[in-house]
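Down below is the structure, laid out as C-alpha cells.
The values are calculated or read from the model by the stated rules, or taken from the named source; none is laboratory data. This is a predicted model, so every value here is computed, not measured. FYI the Cβ positions are ideal-geometry reconstructions off the backbone, even for glycines, and counts take in every protein chain you see. Calculation scope for accessible area: heavy atoms of the full protein, side chains included, ligands and nucleic acids excluded. Shrake-Rupley method; radii C 1.70, N 1.55, O 1.52, S 1.80 Å.
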Amino acid sequence: IDSYYKFKVGTTLTYESLRDEKVRKTVMEVVEERDGQRKLLSREFKEGESESESKEETLFWHRDEMYLIWSDLRDKQERELVLLVKADAKEGETWTGTHVERKHKVTVTHEGFHEVTVPAGTYKKVLRLVLVTQEGENKSELRIYLAPDVGMIRMEGSRPGSGSVKMELTSFKPA
C-alpha cells in the first residue's frame with residue numbers, strides 16, 4: 001500500500017471537481033515526510049477565485065500495520081477520518097471503521113483492479129474502493145480510485161442533502 005501515498009516532499013497532485021454543480025480546482029502538495037507519514041497542504045479554488053480566496057486544509061496519509069489511513073487537522077489535532085486501504089486485502093473483502101467527526105460507521109469494500117482514464121492519463125492496476133456510510137436513514141456512497149505511484153486519481157459519489165461529487169486528477173508532478 002505504500003505506492004498509493006509515499007511521495008516525496010514537493011510532489012503535487014491537481015484535481016478538477018464538480019460539486020453542487022460548481023467547478024472547483026484542488027491542488028494537493030506533499031509538504032512534509034516524517035516517520036512514514038505524509039503531510040499534504042490542500043487548496044481548493046472555486047471557478048474564478050483567486051489564490052487568496054482559496055480554502056486550505058491540512059491532510060495526512062500514513063499507515064499502521066494493517067491500513068492506509070486518511071486524516072485531517074482540526075483545532076491543531078490530527079483526526080483519523082477513515083481506514084482507507086487494508087494491507088493485503090482481496091477483491092470483495094470489506095472492512096469497517098468509524099468516521100471521527102460524525103461518529104458513524106464507514107464500510108470500505110475492495111472492488112478489484114481496473115484500467116481508469118482521467119484527464120491526467122490512463123492508469124492500469126487502479127484499486128477501486130467503495131466507502132459506504134449510514135447515518136440513520138441517510139446512506140452515502142463514495143468510490144475512490146488509487147493508482148500505484150500516483151495515489152488518488154478519481155473520487156465520485158453522493159450524499160443525501162449534499163448532492164454528488166466527482167473529482168479527477170488533471171496533473172501529477174513528482175518531486
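List the pairs from Lys8/Lys125; Lys76/Lys124; Lys25/Lys90; Lys6/Lys166; Lys90/Lys139; Lys46/Lys76 whose alpha-carbon separation is above 31 Å, in the order I gave them. Intermediate results must be reported in sequence, preceding the final value.
Details: Lys8/Lys125 22 Å; Lys76/Lys124 37 Å; Lys25/Lys90 33 Å; Lys6/Lys166 24 Å; Lys90/Lys139 24 Å; Lys46/Lys76 25 Å.
Over 31 Å apart, Cα to Cα: Lys76/Lys124; Lys25/Lys90.
On full extension of the chain, what length is gained from Thr122 through Thr107, given 0.36 nm per residue of separation minus the C-alpha to C-alpha distance? Before the final figure, lay out the partial values.
On the way: separation 15, 0.36 × 15 = 5.40 nm, distance 2.77 nm.
Length gained, Thr122 through Thr107: 2.6 nm.
Please give every one of the aspartates and glutamates within straight-line cross-link reach of Lys86, meaning a C-alpha to C-alpha distance under 13 Å, and leave out same-chain neighbours fewer than 8 residues apart.
Asp2, Asp64, Glu65, Glu111
Among Lys105, Lys86, Lys76, which one shows the highest mean-square fluctuation when the chain is modelled as a Gaussian network with alpha-carbon springs under 10 Å?
Largest GNM mean-square fluctuation: Lys76.
Which value, in Å², gives the accessible area per residue of the chain when a 1.4 Å probe is used on the protein heavy atoms? Don't skip to the answer; put the middle values down first.
Working: 9770 Å² over 175 residues.
Using a 1.4 Å probe on heavy atoms only, each residue of the chain averages 56 Å².
Would you mind calculating the gained length between Glu135 and Ala87 on full extension (0.36 nm times residue separation, minus the Cα-Cα distance), in nm to one decimal?
Details: separation 48, 0.36 × 48 = 17.28 nm, distance 2.71 nm.
Full extension of this stretch gives 14.6 nm more.
What number, in percent, do you get for the relative contact order of the chain if the mean sequence gap of Cα pairs under 8 Å and at least 6 apart is divided by its residue count? Walk me through the numbers on the way to the answer.
Values: 440 pairs, mean separation 36.8, N = 175.
Relative contact order for the chain comes out at 21 percent.
Between [x] 17.5, 57; [y] 15.6, 44; [z] 15.9, 51, which matches Rg and Dmax of the Cα atoms in Å calculated for the structure shown?
Here the calculated entry is [y].
With each pseudo-label sitting 7 Å past Cα toward Cβ, what's the Thr94-Glu57 distance in nm, one decimal?
With each label placed 7 Å out from Cα toward Cβ, I get 2.6 nm.
Can you tell me the dipole magnitude for the chain around its Cα centre, using point charges on the Cβ only (Lys, Arg +1; Asp, Glu -1), in Debye to the nearest 20?
Working: 30 positive and 33 negative charges, 31 e Å.
With Lys and Arg at +1 and Asp and Glu at -1, about 140 debye.
At what distance in nm do the modelled label points of Ala175 and His114 sit from each other, each positioned 7 Å from its Cα along Cα→Cβ?
Inter-label distance under the simple model: 3.2 nm.
Net charge within 13 Å of Glu91 by Cβ-Cβ distance, Lys/Arg positive one each and Asp/Glu negative one each, not counting Glu91 itself?
Working: positive: Lys86, Lys90, Lys125, Arg128; negative: Asp88, Glu93, Glu111.
Taking every other residue near Glu91 into account, the sum is +1.
Ignoring ligands, DNA and RNA, what percent of the accessible area of the chain is carbon or sulfur (1.4 Å)? All intermediate terms of the calculation are to be shown ahead of the outcome.
Numbers: 4280 of 9770 Å².
Looking at the chain in its full context, I get 44 percent from C and S.
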